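The values are calculated or read from the model by the stated rules, or taken from the named source; none is laboratory data. Everything numeric here is computed off the predicted structure, so don't read it as measured data. Cβ placement follows ideal geometry from the backbone for every residue including glycine, while neighbour counts extend to all protein chains displayed. Keep in mind that these areas ignore ligands, DNA and RNA; they rest on the heavy atoms of the full protein, side chains included. Shrake-Rupley method; radii C 1.70, N 1.55, O 1.52, S 1.80 Å.
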Amino acid sequence: MTSILDLTKDELAQKIKPSFHARQIYQWIYQKYANSFHEMLNLPKILRDKLAQEYILSPLALVKEEQSVDGSKKYLFSLQDKLTIESVLLPMKNEQFDENGGRIHHARYTICISSQVGCRMGCAFCLTGKSGFVRNLSAGEITAQVLFIKKLNNISAERRVNIVYMGMGEPLDNLQNVAKAIGIFADIDALAISPKRQTVSTSGLSAQIAKLGKMDLGVLLAISLHAIDDETREKLMPINRAYNIKSVIEAVSVFPIDMRKRVLFEYLVIKNVNDSLQSAKKLVKLLSQIKAKVNLIYFNPHNGSKFERPNEKDVAAFADFLNSHGLLCTIRQSKGLDISAACGQLKQRRENELA
Ligand code: SAH
Ligand code: SF4
């Protein structure tokens, strides 16, 4: 059956009569967290029955949840065809109260979501890449991850979360559905998550970056760079043969980005591969013409990978070099290392357990 989450509000309006009910249905799904069409009591009964016959409300089922000591939670969901994907809830700031118990601010969350089952890009360090490509996620399978995680954690509808497309898959290899999901997320009758709170992370498909830019959706862009010369990057990321570093930088330099924002360059630090100060120096030069910030990520070892986690002191020195040369840089705290943090690792463990 079709998942109702795959429909934009306009598409839904075209399928029902009278069409103005589309707005109410959206609010029931995304804001009142309805679990069945029968709860939607401000709709005529005949419409509720018709919806229940034609659509499903839940394209995902929870398979496994793991909580890390730092508060992040990793979810393994199964899709209707029993394939599985991962999503992660990352608390960015805890709820805070003053001495009288009054709330100073609410907790803030980022939700990391998958865009495909598997991935075609085959990056050497990535577990998802190893297993190859299976299929694209539909728009509804993308949005459902955020909806489910909000529901499961009792995060009220009006709490806006940030979204990063940094789970399994290459979002720009599924651009049409990802763009649709970005729009559904942003709908004021849905989760009302502005594109400015959504970051699309890509391994650097330059042509697709240009297409996304032309759509002018207002999303933020993150580039998984990971290396500063084509030779190293090709070894880590085969896609670099089709789109080399120069083409990625060119695509980024014309990408429409909010004046106050920067393009995020992710740099996975791998011991003895790309962790030298020489690399840091070249990175500063490479990004000198771009409003960029850099996020250093510790390589997270997994079974069968030939790479090693870098030393903390080398990562700190790398970050210091960038910051002291005017390139904004943060180190991603390896949230949830104890819960098989990096993409694809929970899925892999589950499959090993079942084998
Ligand atoms: N395909 C897109 C989107 C997400 S990939 C991209 O490559 O940008 C998922 C993220 O997990 C990427 O930032 C990638 O660098 C990171 N990742 C993959 N394998 C990892 C590992 N072993 N350790 C740490 N991070 C890893
Ligand atoms: Fe695909 Fe991203 Fe993994 Fe590379 S790092 S294989 S692009 S999911």
Item to check | Net charge contributed by nearby residues that have their C-beta within less than 12 Å of Leu7 (K/R +1, D/E -1) | outcome: -2
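So what is the relative contact order of the chain, in percent, for Cα pairs below 8 Å that sit 6 or more residues apart? All intermediate terms of the calculation are to be shown ahead of the outcome.
Details: 654 pairs, mean separation 51.8, N = 355.
Contact order relative to length: 15 percent.
One quarter of the convex hull surface, Cα atoms only: what value does that give for the stretch 4-54 in nm²?
Working: hull surface 12.4 nm².
Averaged projected hull area, Cα only: 3.1 nm².
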Next on the checklist: Rounding to the nearest 10 and keeping the result within 0 to 90°, find how far the Cα-based axis of helix 45-54 lies from the longest principal axis of the chain.
Outcome noted: 40
Checklist outcome for this item: Which residues qualify? For Tyr298, with a placed amide H closer than 5 Å and at least 5 residues away or on another chain, they are Val269, Arg332
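How much mean residue ellipticity at 222 nm does the chain get from its helices, if each DSSP H run of length 4 or more adds -39500 (n - 2.57) and you divide by all residues, to the nearest 500 deg cm²/dmol?
Working: 12 runs with 116 residues, N = 355.
Estimated from H runs of four or more residues: -9500 deg cm²/dmol.
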Next on the checklist: Give the residue list of trypsin sites (Lys or Arg not before Pro) in the stretch 22-85 that are DSSP loop and have at most 10 other beta-carbon atoms within 10 angstrom.
Outcome noted: Lys82
Checklist entry - Picking from Leu221, Leu172, Leu83, which is most flexible by a Gaussian network model of the chain using Cα springs under 10 Å? => result Leu83
Checklist entry - Of the accessible area of the chain, with the probe set at 1.4 angstrom, what percent is carbon plus sulfur? => result 50
Checklist entry - If one computes the Cα centroid of the stretch 31-67 and of the stretch 161-224, what distance in Å separates the two points? => result 26
Checklist entry - Among the GluC sites (Glu not before Pro) within the stretch 94-196, which fall in a DSSP loop and have no more than 12 other Cβ atoms within 10 Å of their own Cβ? => result Glu95, Glu99, Glu158
Next on the checklist: Over the Cα atoms of the chain, each weighted equally, I'd like the Debye log10 I(q)/I(0) at q = 0.10 Å⁻¹, rounded to two decimals.
Outcome noted: -0.64
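What whole-number value in Å² describes the accessible area per residue of the stretch 61-354 for a 1.4 Å probe?
Per residue, the stretch 61-354 has 45 Å² of solvent-accessible surface.
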Next on the checklist: With equal scatterers on the alpha carbons only and no solvent term, can you work out the Debye log10 of I(q)/I(0) for the stretch 1-146 at 0.11, 0.16, 0.20 1/Å?
Outcome noted: -0.58, -0.98, -1.19
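Would you mind getting the accessible area per residue of the stretch 4-54, heavy atoms of the protein chains only, 1.4 Å probe, in Å²? Spell out each step's value before the answer.
Numbers: 2810 Å² over 51 residues.
Here the residues of the stretch 4-54 average 55 Å² of exposed surface.
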Item to check | Neighbourhood charge, 14 Å Cβ-Cβ cut-off, centred on Ser115 and excluding it, Lys, Arg +1 and Asp, Glu -1 | outcome: -1
Item to check | In sequence order, calculated HN-Hα J values of the stretch 14-21 (Karplus, 6.51, -1.76, 1.60; Hz; x Gly/Pro) | outcome: 6, 9, 10, 9, x, 5, 5, 5
